Amino acid sequence: MPSALDGVRVIDASTLFAGPLAATVLGDYGAEVIKVEHPVAGDPARGHGPAKDGVPLWWTMLGRNKRTVTLDLSKAAPVFRRLLTSADVLIENFRPGTLERWGLSPAVLQEENPGLVIARVTTYGQFGPYSSRPGFGTLAEAMSGFAAITGSPDGPPTLPPFGLADGIAALTCAQAVMTALYHRDVQGGGGQIIDLAIVEPMLTVLGMQAMVYDQLGIVQQRTGNRSVNNAPRNTYLTADGKWVAISTSAQAIASRVMRLVGRPDLIDEPWFASGVSRAAHADELDEAVGSWIAARDLAEVRKAFDEAQAAVAPIYDIADVFTDPQFLARDSVTTADDPTLGPVRMPGPLYRLSSTPGRIDWTGRELGADTDEVLAALGYDEDARAALRAQGAI
């Protein structure tokens with residue numbers, strides 16, 4: 001079966017999460033992804049997080065569907081330039097000015113390959129007073145306004161316990177790459193430079209905060225699990241010690257919930273007519289919903305909400321995800337074969353295409369596993385590769 005991105009060659013010269021995950025997404029749908037790493041250090045993702053039997057689990061997932069090549073770009077710039085002459089996409093996340101210092105500026109690369117799409121992923125972007133600062137997704141979560149509105153009203157700002165900003169930037173980067181390729185291949189354009197600041201997609205997913213502040217001068221505050229846009233919206237404890245989450249973003253759902261918990265009288269209150277005005281009465285609504293749920297176990301709560309066509313979900317940990325019938329039916333956490341670990345479970349391709357579905361052909365390979373094969377295809381014979389190795393360039 002053909003893949004959606006057959007014939008697209010992506011050079012992943014980025015590290016850790018945002019850039020590499022974008023390349024992983026493209027690789028899942030058939031792009032040929034060549035991962036370029038430093039010969040000694042490799043991608044720090046290889047040492048990030050837990051390992052089993054010496055196999056880094058983070059890299060096992062992040063490196064899937066990628067061929068691995070080692071190049072010290074400060075010593076092997078000509079090799080890298082030759083590699084990019086046959087590429088469609090370069091993804092990099094060096095600090096601004098680094099590629100230029102090595103003679104690998106976008107202008108040089110696109111002069112040799114006018115159709116090259118170059119995605120540059122950094123915390124603050126390629127220009128502006130902060131562009132040269134070191135940064136990570138955590139700083140984007142802080143500066144975007146996300147941390148300021150996350151947590152309890154009487155507690156500190158809260159950072160997510162995973163790479164949220166990096167993950168959102170990765171998905172944005174993959175979409176940006178496809179937009180640029182569409183412009184090049186369908187509309188007859190050339191290559192482009194994508195300047196992706198990790199902090200900026202966070203501003204977008206935070207929704208209407210910027211407009212609300214601009215038009216009304218309102219700065220959103222921390223509200224815990226509550227929403228400023230609707231109520232009831234919270235987490236609630238069941239009689240058997242389980243937690244559930246409820247959202248009532250739609251007015252009809254809010255009405256169904258209140259009928260279910262025995263408080264239809266609240267539906268007739270004037271303030272119940274909109275999500276924002278309901279949010280102002282969150283204490284009263286939470287008391288009604290919370291007390292009803294607290295008197296019932298999880299199975300009864302889920303059954304009653306399903307019958308009432310109201311929205312509820314149990315709060316899972318990853319062990320629960322592994323056994324839930326919905327995730328099992330969709331193979332949301334799929335199985336891939338690793339040469340050392342055998343069958344391993346990991347999230348599957350991001351979305352389902354009916355004619356060209358994504359797939360996992362292999363898990364993350366050892367550092368430099370494909371260096372000789374890739375360089376040989378570029379015209380570097382055994383002697384040339386030996387000379388590069390002697391220089392520490394590969």
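Brief remarks follow.
- Order of exposure, largest accessible area first, which applies to MET258, MET208, MET61 with probe 1.4 Å: MET208, MET61, MET258
- Cut-off 15 Å between beta-carbons: net charge of the residues surrounding ALA4, Lys and Arg +1, Asp and Glu -1: -3
- In terms of overall dimensions, the chain has a Cα radius of gyration and Dmax of 25.0, 84 angstrom.
- Close amide H partners of LYS35, meaning residues 5 or more places away or on another chain with modelled amide H under 5 Å apart, are ASP12, ARG67, THR68, VAL69.
- 3J(HN,Hα) couplings calculated from phi for the stretch 380-388 with the Karplus curve 6.51 cos²θ - 1.76 cosθ + 1.60 (θ = phi - 60°) are, in sequence order, 8, 7, 4, 5, 5, 5, 5, 5, 5 Hz; Gly and Pro show x.
- For the residues ASP72, ASP317, a 1.4 Å probe over the protein chains yields an accessible-area ranking, largest first, of ASP317, ASP72.
- Summing Lys and Arg as +1 and Asp and Glu as -1 over all other residues whose Cβ lies under 14 Å from the Cβ of GLY224 gives a net charge of 0.
- Percent carbon-and-sulfur accessible area, the stretch 191-250, ignoring ligands, DNA and RNA, probe 1.4 Å: 54
- Among the protein heavy atoms, those of ARG226 account for about 80 Å² of accessible surface (1.4 Å probe, every chain in place).
- Computed [θ] at 222 nm, helices only, for the chain once each DSSP H run of length n ≥ 4 contributes -39500 (n - 2.57): -10500 deg cm²/dmol
- Sequence-ordered 3J(HN,Hα) estimates for the stretch 125-137 from the Karplus curve with 6.51, -1.76 and 1.60 and θ = phi - 60° stand at x, 7, 9, x, x, 9, 4, 8, 6, x, x, 9, x Hz, glycine and proline given as x.
- Against the chain, whose longest principal axis comes from its Cα atoms, helix 251-260 is set at around 50 degrees.
- C-alpha center-to-center spacing [the stretch 335-393, the stretch 100-179] in angstrom: 25
- Accessible area in the full protein assembly, largest first, 1.4 Å probe, for ASP286, ASP361: ASP361, ASP286
- LYS52 - accessible surface, heavy atoms, 1.4 Å probe, Å² rounded to 10: 110
- Loop-located chymotrypsin sites (Phe, Trp or Tyr not before Pro) in the stretch 233-326 whose Cβ has at most 15 other Cβ within 10 Å (DSSP): TYR316
- Exposure of PHE146 as accessible area (Å², to 10), given a probe of 1.4 Å and all protein chains: 40
- Highest to lowest packing among 131-142, 80-91, 382-393, scored as the average C-beta count within 10 Å: 80-91, 131-142, 382-393
- Listed values for the stretch 186-201 are Karplus-derived 3J(HN,Hα) couplings in whole Hz (6.51 cos²θ - 1.76 cosθ + 1.60, θ = phi - 60°), namely 9, 9, x, x, x, x, 9, 10, 9, 9, 10, 8, 4, 5, 6, x, and x replaces Gly and Pro.
The values are calculated or read from the model by the stated rules, or taken from the named source; none is laboratory data. Note that the coordinates shown come from a computational prediction; the quantities given were computed from them, not determined experimentally. Methodologically, a virtual Cβ is constructed for each residue, glycine included, from the backbone with ideal geometry; neighbour enumeration extends over all protein chains shown. These area figures cover heavy atoms from the full protein model, side chains too; ligands, DNA and RNA do not enter into them. Shrake-Rupley method; radii C 1.70, N 1.55, O 1.52, S 1.80 Å.
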